[in-house]
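Structure first, commentary second.
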């Protein structure tokens, strides 16, 4: 009986290891092309005629978005976070906020994959440049926020990969309003990569 009990305990230990590993290694991938905003948890489009402009892409670590004041836009909150220090613990959700460079109104951006491998996080973004004719245009930059959830105490590395695409047709009726690319394809440009590190503290409980 003792030997059987010991065997059961060992077996349970063996089974629990992969389960623990799964929590520290996971992948979220885009499944439905018609819902290419499904991997983002919050977003905002900032038009160029608003007086704000962004020359370079940027990604930053952020506290739970519930801490954002209700009347403050996601973009303005991201600006505020750059100017102050904050420390998250294992009790908090961790967010990433990404802002593209300035784009034309027919260009499109979406998250293709979010992946965790232990303490390394990779986010792959597709940035599709419109190749058709412009009749009327304005510029803008998207602000995209992603919730990574709670993380164990430790230091984390983030690699944010921006893959350039080109397209000339929109899906459905072909109109650019609230529509996604139909014929996107890779370009000769190399993907751009952004990186950052952040730390998660121990639980306060």
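One table, with the values for the structure above:
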quantity	calculated
Cβ-based exposure ranking for 204, 25, in which fewest neighbours within 10 Å come first	204, 25
Amide N proximity, the range 108-128 versus residue 171 label position 7 Å along Cα-to-Cβ, cut-off under 17 Å	108-113, 126-128
Share of pairwise Cα separations in the range 38-138, more than 21 Å, in percent	44 percent
Antiparallel bridges, percent of DSSP beta bridges restricted to the range 67-205 (to nearest 5)	70 percent
The range 27-201, relative contact order [Cα under 8 Å, separation at least 6], %	27 percent
Protection proxy ranking, peptides 36-49, 120-133, average beta carbon neighbours within 10 Å, highest first	120-133, 36-49
Enclosed volume per residue, in Å³, of the convex hull spanned by Cα atoms of the range 104-165	81 Å³
Volume per residue that the Cα convex hull of the chain spans, once the total is divided by residue count, Å³	170 Å³
Residue among 108, 99, 175 with the largest mean-square fluctuation in a Gaussian network model of the chain, springs linking Cα atoms under 10 Å	175
Computed label-point distance, nm, for sites residue 115 and residue 157 using a 7 Å Cα→Cβ extension	1.4 nm
Fraction in percent of alpha-carbon pairs per bin - 5 Å, the range 37-93	4, 13, 26, 24, 21, 8, 3, 1, 0
Pairwise FRET efficiency - residue 33 versus residue 93, Cβ, R0 = 22 Å, nearest 0.05	0.20
GNM flexibility winner over the chain from 104, 173, 91 (Cα, springs under 10 Å)	173
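Values in this text are rule-based calculations from the coordinates and carry no lab data. These figures come from a predicted structure and were not determined experimentally. Neighbour counts are summed over all protein chains in view; Cβ atoms, including those assigned to glycine, are modelled from backbone coordinates with ideal geometry.
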